[in-house]
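Asker: Sharing a structure, written as structure tokens. Questions coming.
The values are calculated or read from the model by the stated rules, or taken from the named source; none is laboratory data. Just so it is clear, the model here is predicted, and its values are computed rather than measured. Ideal geometry is used to build each Cβ from the backbone, glycine not excepted, and the neighbour counts take in all protein chains shown. Areas reflect the complete protein model, heavy atoms only, side chains present, ligands, DNA and RNA absent. Shrake-Rupley method; radii C 1.70, N 1.55, O 1.52, S 1.80 Å.
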Amino acid sequence: MPKTLFEKIWDAHFVARRIDGRDLIYIDRHVLHELHAPHAFEQLAKQGRKVPRPDLTFSMQDHTVSTRPGRTDESNPSGAAFLRAMREGSARNGIRVFDLGDPEQGISHVVAPELGMVLPGATHAVPDSHASTVGGLGAMAFGCGTTELAHILATQVIAMKRPKSMRIRLDGTLAPHVTAKDVALKIIAQLGMAGGRGHVVEYAGAVVRAMAMEGRMTLCNLNIEMGGRSGFVAPDGQTFEWIAGRPFVPKGAQWEQALKHWHTLRTDDDATFDTEHVIDCAALEPQITWGTDPSQVVGISGRVPDPAADPGRRGAIEGALAYMGLNPGTPLAGLPINRVFIGSCTNARLPDLQAAADVVRGRRVAEGVVAMVVPGSSSVKREAEANGLDKVFRDAGFAWGESGCSMCAGGNGDRGEPGERIVSTTNRNFENRQGPKTRTHLASPATAAASAIAGRIADVRSLTGAA
Amino acid sequence: MQPFTKHTGIAVPLLKDDINTDQVAPVQAMRALKPDYKALLFMRARQRDDGSEDPDFVLNKPQFRNPGILVTGHNFGAGSSREAAVWGMLANNIRVIVARSFADIYRENCLQNGLLPVVLAPSDADAFEQRVIAAMARRRSPSISRPRPSAARAAPMSHSISRPRTARVSWKGSMTSGSRSSTPTRSRRSSKAWRHRSPGCRPRPTAAYKA
Ligand code: SF4
């Protein structure tokens, strides 16, 4: 029987079927963060349960950490209790913490691939909806809530109904300055907020094959924004090259054995999917959101839509336009902005910062615009500094922060002011997410950088002369 | 977890699609390890810009001060996996959500906590929503109750509306017993047994994991 890669990974990790119809799926790597793990540690302690595989579990401090240089627990007063509870719970259960000051601290979804904690064909769980970021490496990752997190800690299995399978084939070649972020936004716009619901998505096609590993992670990161249960890219030579030698990756004979297995990680030619989509990306331009959910997207040369033209969604569009302070028919490019944020598990890996720095180099952030770069991990920060990117950003007037989630969800207090229009490389433009009444436009690092320079939403191609 | 046997309550219509967990439980309301889960539910929508209560928001209306059932649209609970978006419902005594559809993780989180996620067949949903809207005017409310044992043998989470103003819901599994839908002891036993017969090709921890 030909199988999809999703089926192969699922079946290889299938432990048992429960009476309620859920499958128990073995979790190879489990990465926690301090916003949700403390409650799970408390549940375990109450039930008197232990963590049988602390060696497969890692704790990250990312959501509530301050991004200020020289930060301590107290730099973000409301985060201190979370950081301490994370430390204590992890210590009690023998789990390693990547704490403030650790050279490998960072956003869980950025650090796990970076250190090779998660591998092709492996299963991965995080109490966080963006877990599938690591799908870029060909791993199958699931986000979950706190109770399921405690269950995984106690058992090393996740309980869930077997999802359906979907393949999204991305055809064509991306134009210059069109990135994985733009592709992902296009997909969400086309399939909608619930387009991937109940499915594990395999991203395939020429665009994905040509995409750098970091781009594949961006693509898989945004899978949840169309409701996908998990999303991944089948691993290839580039994947193996990228992970080779990373600290937690198998070595020697184990590497050889793993490599042999990883070469089998592909969907069989005759395998069928429950749902298939094909999207031609050849003519794709940089994308940006205009509304209050990640499916409300237009090309950078596009205009704010007219609610009257879409009777089915009229109410939702009108609500979004009112919140965003926009009128139908207004071109996106040229809208004055107040703030730019480059960061998050979506777009704060080294190539993201590189792309933004290439736009910024030798230019200045527009008068009155507050601009900030927060690397996705401490190691990204180190590498960026080794390449002089911090200087490029600082010289241009950007703030350069310590790694963490920062303004993505504002869990550490970083946020915009009411009414501000923000161009952000993050994943959610929901109302109030980046601060009460803030108006977020999601875009790629290059678009965000170009907008910071222009002081308006900008087409990076016109700034760099590539259009 | 509180067992779910029968829940009767006032049905609150919040008939929008894609309501996300940032709306249900804003991060800014979760600044403490143990926040006020009752207050955080739809905190932003409840307040006007000056911080005063918004009388137009449905949960602030006098007839919905004691909600029991939330009636909503497609893809409810999209976005973040935060379980506080479920705990906030329970803290307000909302034990049932009737939606056109649920986001996957949110639905799982509901089942873990005895918050019953109900999806009605489209025609039943139309009828139910109409009744909720009508009841809103009359200040009476449909209720959802556990069916007789014979009906409980139907497929999990299947449901029928049999009588006016009553949605009957049947299901099996942990919701009725009050035990967690994930039972750690059993899972752990299967997990251990599985590891003994697990294929050798899966990546194994290397020495670095002990670091
Ligand atoms: S960067 Fe944003 S989306 Fe990613 S884990 Fe942090 S808060 Fe969540």
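Asker: What strands (runs of 3 or more DSSP E), lying completely within region A:151-214, carry at least 1 residues that are open to solvent by 10 Å² or more (accessible area, probe 1.4 Å) and not aliphatic (A, V, I, L, M)?
Answerer: A:164-171, A:199-204
Asker: Among the residues of region A:232-282, which ones are β-branched (Val, Ile, Thr), within 24 Å of A:Ala125 (Cβ to Cβ) and either within 14 Å of another protein chain (Cβ to nearest Cβ) or not in a strand (DSSP E or B) (or both)?
Answerer: A:Thr239, A:Ile243, A:Val249, A:Thr264, A:Thr267
Asker: Considering each residue of region A:166-200, count those that are under 30 Å from A:Ile27 (Cβ atoms) and within 14 Å of chain B (Cβ to nearest Cβ), and give that number.
Answerer: Summing the residues that are under 30 Å from A:Ile27 (Cβ atoms) and within 14 Å of chain B (Cβ to nearest Cβ) in region A:166-200 gives 12.
Asker: Continuing with the same structure: Can you name the residue in region B:1-14 that is aliphatic (A, V, I, L, M) and more than 10 Å from every other protein chain (Cβ to nearest Cβ) and, of all such residues, is surrounded by the most Cβ atoms within 10 Å (Cβ to Cβ)?
Answerer: Checking each candidate, the answer is B:Ala11.
Asker: Contact list please: Cβ distance under 6 Å, first residue in region A:326-347 and within 23 Å of A:Pro418 (Cβ to Cβ), second residue within 16 Å of the ligand (Cβ to nearest atom) and assigned to a loop (DSSP other than H, G, I, E, B), pairs at least six apart or on different chains.
Answerer: A:Arg339/A:Gly416; A:Ile342/A:Thr425; A:Gly343/A:Val374; A:Ser344/A:Thr426
Asker: Could you tell me whether A:Arg18 is assigned by TED's automatic domain parsing to the domain that holds A:Leu115 and more than 14 Å from B:Leu33 (Cβ to Cβ)?
Answerer: Against the criterion (assigned by TED's automatic domain parsing to the domain that holds A:Leu115 and more than 14 Å from B:Leu33 (Cβ to Cβ)), A:Arg18 qualifies.
Asker: Does A:Ser295 meet the test of being within 23 Å of the chain's Cα centre (by Cα), within 14 Å of chain B (Cβ to nearest Cβ) and within 16 Å of the ligand (Cβ to nearest atom)?
Answerer: Considered against the rule, which asks whether it is within 23 Å of the chain's Cα centre (by Cα), within 14 Å of chain B (Cβ to nearest Cβ) and within 16 Å of the ligand (Cβ to nearest atom), A:Ser295 comes out as no.
Asker: Which one is farthest from the other protein chains (Cβ to nearest Cβ) among residues in region A:455-467 that are modelled with pLDDT of 95 or more and closer than 22 Å to A:Pro351 by Cα?
Answerer: Out of the qualifying residues, it is A:Arg461.
Asker: Just name the residue that is farthest from the ligand (Cβ to nearest atom) out of those in region A:435-444 that are facing chain B (nearest Cβ under 10 Å) and either on the phi < 0 side of the Ramachandran plot or open to solvent by 10 Å² or more (accessible area, probe 1.4 Å) (or both).
Answerer: Once the filter is applied, the top-ranked residue is A:Lys437.
Asker: Pick from A:Met372, A:Met407: which is open to solvent by less than 20 Å² (accessible area, probe 1.4 Å), in contact with a Gly (Cβ under 8 Å, 6 or more places away or on another chain) and not polar (S, T, N, Q)?
Answerer: A:Met407
Asker: Separate question: Between A:Ala210, A:Ala204, A:Ala194, which is within 21 Å of A:Glu7 (Cβ to Cβ) and assigned by TED's automatic domain parsing to the domain that holds A:Phe142?
Answerer: A:Ala204
Asker: Given the structure, is B:Arg138 basic (Lys, Arg) and modelled with pLDDT under 95?
Answerer: The answer is yes for B:Arg138.
Asker: Cβ-Cβ under 8 Å, sequence separation 6+ or interchain: first residue in region A:416-432 and open to solvent by 10 Å² or more (accessible area, probe 1.4 Å) and more than 12 Å from the ligand (Cβ to nearest atom), partner at pLDDT 95 or above and aromatic (Phe, Trp, Tyr). Which pairs?
Answerer: A:Glu431/A:Tyr323
Asker: Select from region B:76-95 the residues that are more than 13 Å from B:Leu14 (Cβ to Cβ), more than 10 Å from chain A (Cβ to nearest Cβ) and open to solvent by less than 10 Å² (accessible area, probe 1.4 Å) and list them in ascending order.
Answerer: Selection gives B:Gly88 alone.
Asker: Among the residues of region A:377-384, is any open to solvent by less than 20 Å² (accessible area, probe 1.4 Å) and within 14 Å of the ligand (Cβ to nearest atom)?
Answerer: yes
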